[in-house]
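The values are calculated or read from the model by the stated rules, or taken from the named source; none is laboratory data. Being a predicted model, the structure only gives us computed values, none of them experimental. Cβ coordinates were reconstructed from backbone atoms using ideal geometry, including for glycine residues, and neighbour counts include every protein chain displayed.
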């Protein structure tokens, strides 16, 4: 049970956000409000008010950031880029569908369900309202990214926040690797998950303040890829890049020690793509990831996914991990079959998408992957709307990337987003920063003002204070305290890097 300090932390976060917005430029304040709330606030803690969804760290952080952005963001009426109206229409349609599809889900799930002694009520109008509000709150970070992080500086702010927060987060993670996951217990009064799941290989998998150790693993993976992206961007502009590279090595080491095999594999593969492949190959890979993730339920249901091959490969590495993965695959097949009973709009809430023993009423299924959760609760319509918002910004970026300037920051952010999308297949890590990245990429490609379309030169642009205005600078600006400004003698090296890296 959460202690009083856990509830105090939730209630105090809007004040923390206000301080951030008064002290920092808008984009950095937004990023640190979302990232800080995700990393520091208690998990599995909420305050319930009748008729509306519970207030937890996701809703409190999202609402705080939304209100403060509306207050502090300057008004802007910039002209939108021409020729991308179709993409904007697609994103707006997906947003509206994702928010309001619960109304249709409820209308097809009014009947109660009986499983032995277990009774699950039918859904009502009250459930429809609650689910619509919940869907809207889930998508607030996407809209914030689209509206306020839709330029080069916004993407740099995201990448820097990943690296800086990731480096600081490694120290409590190392403490829990040595002492066992205890920080959430010491500070917030309870352990947020099943402790036995975090005993691995004769040691411990750290959790810190996140919901599960797997979430810590993929966050460290994203931070590692962000550091390598900033390293490449620093090399491109001729700035000192050693700090970013050292941070990437340190983050990768802690990721290895955290015993997150899946996140480590994703991090190693994508690190190779960032460091050793050209931009065209990177985009081919990113679009392939987006397509596979979007259509994974179809591929899985048709039997085209190489389940046996993957199990054999994992068995050769770790038999315990292979057993866990086999259990997940079996559950996926059963839950996908259950979802196909109501394929369009799903089963809705109250666990109606789960599998229960028909005699005892005991739950027999375990939902792991985000895709199987959403296709079970929202059906194909809701799933395609949500995962379309996550994957289609990558496709649009690949289509228009040649007109978006020479910076590597957005390209690297796309690959960081790919790491999170790959992790959504086996795990349920669809968290706020994933939506923030996706929205930022969509806004950059489809909503960035036409006036800034070609404003990025071969140096880093100057600082901005709003999401829709990009002011080029005559002098390269350091990305953060980890990088020194580029010297004049490094200009020729920056030109050579651009010429060799642009393919």
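Here is a list: 66, 24, 70, 30. Which entry is out of contact with any helix residue (DSSP H, G or I) (no Cβ under 8 Å at 6 or more places or on another chain) and within 18 Å of residue 440 (Cβ to Cβ)? So the residue among 66, 24, 70, 30 that is out of contact with any helix residue (DSSP H, G or I) (no Cβ under 8 Å at 6 or more places or on another chain) and within 18 Å of residue 440 (Cβ to Cβ) is 70.
Residue 182 satisfies every condition listed in (1) touching a helix residue (DSSP H, G or I) at 6+ places or on another chain (Cβ under 8 Å); (2) touching a residue at least 12 places away in the same chain (Cβ under 8 Å); (3) surrounded by fewer than 19 Cβ atoms within 10 Å (Cβ to Cβ) except (2). Taken together, the criteria place residue 389 among residues that are modelled with pLDDT of 95 or more, assigned to a helix (DSSP H, G or I) and more than 17 Å from residue 299 (Cβ to Cβ). Within the range 76-105, residues that are more than 30 Å from residue 134 (Cβ to Cβ) sit with their Cβ atoms under 6 Å from residues that are assigned to a helix (DSSP H, G or I), at 6+ positions apart or across chains, in these pairs: 79/450; 81/450; 84/446.
Of all residues in the range 209-222, those satisfying the criterion of being over 16 Å from residue 422 (Cβ atoms) and either at pLDDT 95 or above or not in a helix (DSSP H, G or I) (or both) are 209, 210, 211, 212, 216. In the set (1) buried (at least 20 other Cβ atoms within 10 Å of the Cβ); (2) in contact with a helix residue (DSSP H, G or I) (Cβ under 6 Å, 6 or more places away or on another chain); (3) modelled with pLDDT of 95 or more, residue 384 fails one condition alone, (2).
Yes/no matrix, rows are residues, columns are (1) under 25 Å from residue 322 (Cβ atoms); (2) surrounded by fewer than 21 Cβ atoms within 10 Å (Cβ to Cβ); (3) touching a helix residue (DSSP H, G or I) at 6+ places or on another chain (Cβ under 6 Å):
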site	(1), (2), (3)
222	no, no, yes
236	no, no, yes
249	no, yes, no
262	yes, yes, no
286	no, no, yes
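So how many residues does the range 135-166 have that are in contact with a helix residue (DSSP H, G or I) (Cβ under 8 Å, 6 or more places away or on another chain) and either more than 16 Å from residue 91 (Cβ to Cβ) or without any contact (Cβ under 8 Å) to a residue 60 or more places away in the chain (or both)? Selection size over the range 135-166: 18. Note on the range 319-349: residues that are touching a helix residue (DSSP H, G or I) at 6+ places or on another chain (Cβ under 7 Å) and in contact (Cβ under 8 Å) with a residue 12 or more places away in the chain total 17.
Here the helices (runs of 4 or more DSSP H) wholly within the range 259-328 that include at least 2 residues being more than 30 Å from residue 198 (Cα to Cα) are 261-276, 279-301. Taken over the range 397-424, the criterion of being touching a helix residue (DSSP H, G or I) at 6+ places or on another chain (Cβ under 6 Å) and not in a helix (DSSP H, G or I) is satisfied by 406, 407, 408, 424. The selection criterion, being surrounded by fewer than 21 Cβ atoms within 10 Å (Cβ to Cβ) and either within 18 Å of the chain's Cα centre (by Cα) or closer than 13 Å to residue 164 by Cα (or both), does not hold for residue 244.
Being touching a residue at least 60 places away in the same chain (Cβ under 8 Å), in a helix (DSSP H, G or I) and surrounded by 19 or more Cβ atoms within 10 Å (Cβ to Cβ) is not true of residue 255.
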